[in-house]
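Every number here is computed from the coordinates shown, using simple stated rules; none is lab data. Quantities reported herein were computed from a predicted structural model and do not represent experimental measurements. Every residue, glycine among them, receives a Cβ derived from its backbone with ideal geometry; neighbour counts consider all protein chains shown.
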Amino acid sequence: MLSSTGSLKLLAAIVAIFNTASGIPLASIGPRAAECSRDVLAAAADAYVAAQSAGSLDLLQKVVADKWEYEENNVRIDAKKSVLRKKLKIDHRRTIYDLVQCATYTELVITDSANPYVIGTQIRHGADGRVTLFDSVASTTGSWLFDAKKTLEYVSKETWDPIPESKWDTREHIQAAGDAYMSMWDNATAASAVPWGTPCTRVEGGAFASSCTSGIPSNNNQAPNTRRRYVIDQAMGSVNILCVWEHMMNAADSHEFRLENGKVRYIHTMTECGGRTCRL
């Protein structure tokens, strides 16, 4: 039987072959935008958070491209009709930075009982550094296991300190760990390829699991999790994956993984079912 490391390398190779055959490059080898820098990414992420706090798209004008796009819950829509137009009091914000793809991922928690949300947004930049796409999963009442107050309680207890550069995992390893987890629903060997950490905790909607292996699928013949989009931050040991959660009403889904010393330490998930109550 392959070791966890061997299984992970095998799965990474399979993913690479699949992506190459599909014409989809690995996120870890995506092109670097000419003007990509952490300062550029941070300014855009800050502008996004300010815009969401104010419910105003005007605050994005200094960072967006002329023809920028907005996607919410896996559907391209007019940003003027999006959650971005809602003035929301943000209780928690955390951002990771991908300097290879020139992209960020920001997690927001809003506990206001009138407008509760947990939002995950990937922001992608063009070659000139300007934002070309905001890609959000906006979970709220009716989303899978949704409870913004519980989410805030759990994530506030976590430690997401930067990892010393000498201890960084490779981008390929971080992505492969996330991909292995996301493939458990349709691949019987995927679970053995996940580099499970001890401890490892999961915040799934508003539910907390003290072990990341708790509740993992035993039925591996389900629909896959497709259309995966990645943001990878080696300094945080993190990958965010947005996808279509096909086996649950083709839901819009976000999974973020934090690895420490090569092992999965934290998992955050949010799943939104097109305005309907999520059900398996």
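Side notes on the structure shown:
- Whole-number percent relative contact order across region 159-246, with pairs defined as alpha carbons under 8 Å at least 6 apart: 34
- Helical mean residue ellipticity (222 nm; -39500 (n - 2.57) per DSSP H run of 4+; nearest 500) of the chain: -6500 deg cm²/dmol
- Extension gain from Ile90 to Glu165, taking 0.36 nm per residue of separation minus the Cα-Cα distance: 23.9 nm
- Checking every one of the trypsin sites (Lys or Arg not before Pro) in region 116-190 against DSSP loop status and a limit of 11 other Cβ atoms within 10 Å picks out Lys157.
- Computed over region 38-140, relative contact order equals 27 percent, with contacts defined as Cα pairs under 8 Å that lie 6+ residues apart.
- Anisotropy class of region 133-204 from Cα gyration tensor, a/c 1.5 cut: oblate
- For region 106-123, backbone phi angles converted through the Karplus equation (6.51, -1.76, 1.60; θ = phi - 60°) give residue-by-residue couplings of 10, 9, 10, 10, 10, 9, 3, 5, 7, 9, x, 8, 10, 10, x, 10, 8, 10 Hz, Gly and Pro being listed as x.
- When only alpha carbons are used to place a centre, region 152-209 and region 70-106 end up 22 Å from one another.
- Region 110-238 shape via C-alpha gyration tensor axes, a/c threshold 1.5: rounded
- As a proxy for reagent exposure, Ile119, Ile163 were ordered by neighbouring Cβ count within 10 angstrom, fewest first; the result is Ile163, Ile119.
- GNM flexibility winner over the chain from Ser238, Ser113, Ser56 (Cα, springs under 10 Å): Ser113
- In plain terms, the chain from Lys81 to Thr198 could stretch by 37.8 nm, reckoned as 0.36 nm per residue minus the Cα-Cα distance.
- Given their separation in residues at 0.36 nm each and the Cα-Cα distance between them, Thr141 and Thr277 gain 48.2 nm when the chain is fully extended.
- Cysteines in the chain that, by Cβ-Cβ distance, have no pairing candidate under 4.7 Å: Cys243
- Summary value for the chain: 19 percent relative contact order, contacts being C-alpha pairs under 8 angstrom separated by 6+ residues.
- Whether region 78-123 is rounded, prolate or oblate, judged on the alpha carbon gyration tensor where a/c under 1.5 counts as rounded: oblate
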